[in-house]
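S.K.: If you scroll down you'll find the structure; I have some questions about it.
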Amino acid sequence: MKLFLLRHAKARDTWPDAERELTKAGREQVEKLASAVDSAQFCDVVQVWHSPYARAEQTARIFTEKTFMAAQFVPTPTITPEDNPYDTARIVASLSCFGKDLMIVSHNPFLENLADILLAGHKRGGRVVFGKCTLACLSLEEPPTPDREYGLWALDFLISPKIMR
């Protein structure tokens with residue numbers, strides 16, 4: 001199983017937070033990222049979970065459209081910045097036995113903490129840094145066991161807008 005983690009692109013500084021939409025530069029960020037990756041690596045993604053916040057949904061829609069991904073969109077209210085990433089890590093681990101790929105489009109600190117949990121078993125912060133519109137790919141190396149609740153994951157790649165300038 002592959003797990004793709006994507007942080008939303010640049011959004012407007014408006015209120016309320018959940019309704020903040022992408023800026024023109026943010027939309028361009030997502031399009032540039034999508035054009036920089038090989039679309040074929042997303043052919044096994046069966047679902048795209050996105051935060052209910054406008055900027056995450058917009059990022060997910062632009063990215064999947066530009067990479068020709070045919071995955072089902074799943075608005076997921078439990079992956080906002082304030083939510084518990086341990087719960088999501090447990091769900092991802094339980095789904096890993098099905099072998100299909102998943103994409104999660106969300107926010108910080110949620111994504112950084114989720115990546116830390118999957119890669120190290122606990123959140124420490126800063127192991128994997130998600131700037132806006134950063135994409136990471138994690139691969140499941142070993143399924144969950146009683147000793148390793150989330151399984152054993154490896155970081156395949158991390159693409160940051162900083163390297164695409």
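The values are calculated or read from the model by the stated rules, or taken from the named source; none is laboratory data. Please read all numbers here as calculations on a predicted model, not as lab measurements. Neighbour counts are summed over all protein chains in view; Cβ atoms, including those assigned to glycine, are modelled from backbone coordinates with ideal geometry. Note: accessible area is taken over every heavy atom of the protein model, side chains too, but ligands, DNA and RNA are not part of it. Shrake-Rupley method; radii C 1.70, N 1.55, O 1.52, S 1.80 Å.
S.K.: I'd like the full set of residues that are hydrophobic (A, V, I, L, M, F, W, C) and over 14 Å from K2 (Cβ atoms), limited to region 14-48.
M.R.: W15, A18, L22, A25, V30, L33, A34, A36
S.K.: Check whether at least one residue in region 92-99 is of a type in the set (F, W, Y), farther than 26 Å from S139 by Cβ and not in a strand (DSSP E or B), and report yes or no.
M.R.: No; the residues of region 92-99 include none that is of a type in the set (F, W, Y), farther than 26 Å from S139 by Cβ and not in a strand (DSSP E or B).
S.K.: Next question, about the same structure. Taking region 112-124 as the search range and keeping residues that are open to solvent by 40 Å² or more (accessible area, probe 1.4 Å) and not in a helix (DSSP H, G or I), which one is nearest to P81 (Cα to Cα)?
M.R.: Out of the qualifying residues, it is K123.
S.K.: Mind counting the residues in region 94-111 that are aliphatic (A, V, I, L, M) and either without any contact (Cβ under 8 Å) to a residue 12 or more places away in the chain or surrounded by fewer than 22 Cβ atoms within 10 Å (Cβ to Cβ) (or both)?
M.R.: Counting residues in region 94-111 that are aliphatic (A, V, I, L, M) and either without any contact (Cβ under 8 Å) to a residue 12 or more places away in the chain or surrounded by fewer than 22 Cβ atoms within 10 Å (Cβ to Cβ) (or both) gives 1.
S.K.: Name every residue in region 95-114 that is farther than 13 Å from K132 by Cβ and either touching a Lys or Arg at 6+ places or on another chain (Cβ under 6 Å) or of a type in the set (F, W, Y) (or both), in order of residue number.
M.R.: Across region 95-114, the qualifying residues are F98, D101, F110, N113.
S.K.: Could I ask something else about it? Could you look through region 134-159, keep only residues that are closer than 21 Å to K100 by Cβ and of a type in the set (S, T, N, Q), and pick out the one that is surrounded by the fewest Cβ atoms within 10 Å (Cβ to Cβ)?
M.R.: Here the residue is T145.
S.K.: A follow-up question, please. Considering only residues that are under 12 Å from L114 (Cβ atoms) and not β-branched (V, I, T), look in region 62-90 and name the one that is surrounded by the most Cβ atoms within 10 Å (Cβ to Cβ).
M.R.: Residue satisfying both the conditions and the ranking: A89.
S.K.: Here is a follow-up. Answer with yes or no whether A40 is more than 21 Å from W153 (Cβ to Cβ) and either touching a Phe, Trp or Tyr at 6+ places or on another chain (Cβ under 6 Å) or free of Cβ contacts under 8 Å to residues at least 24 places away in the same chain (or both).
M.R.: yes
S.K.: Shifting gears a bit: Considering V46, V105, which residue is in contact with a Ser or Thr (Cβ under 6 Å, 6 or more places away or on another chain) and not in a helix (DSSP H, G or I)?
M.R.: None of the other options fit; the residue is V105.
S.K.: Right, next: Pick out the one residue from V128, V74, V105, V92 that is under 28 Å from A18 (Cβ atoms), modelled with pLDDT under 95 and β-branched (V, I, T).
M.R.: One residue alone meets the criteria, V128.
S.K.: Considering only residues that are in contact (Cβ under 8 Å) with a residue 40 or more places away in the chain and within 15 Å of the chain's Cα centre (by Cα), look in region 15-36 and name the one that is nearest to I159 (Cα to Cα).
M.R.: L33
S.K.: Still on this structure: I'm trying to understand the selection: among the residues of region 129-148, which are assigned to a loop (DSSP other than H, G, I, E, B) and in contact (Cβ under 8 Å) with a residue 60 or more places away in the chain?
M.R.: F130, G131, K132, C133, T134
S.K.: May I pose another question? Under the condition of being touching a Pro at 6+ places or on another chain (Cβ under 9 Å) and of a type in the set (D, E, K, R), which residue from region 16-61 is most open to solvent (accessible area, probe 1.4 Å)?
M.R.: Going through the qualifying residues, I end up with K32.
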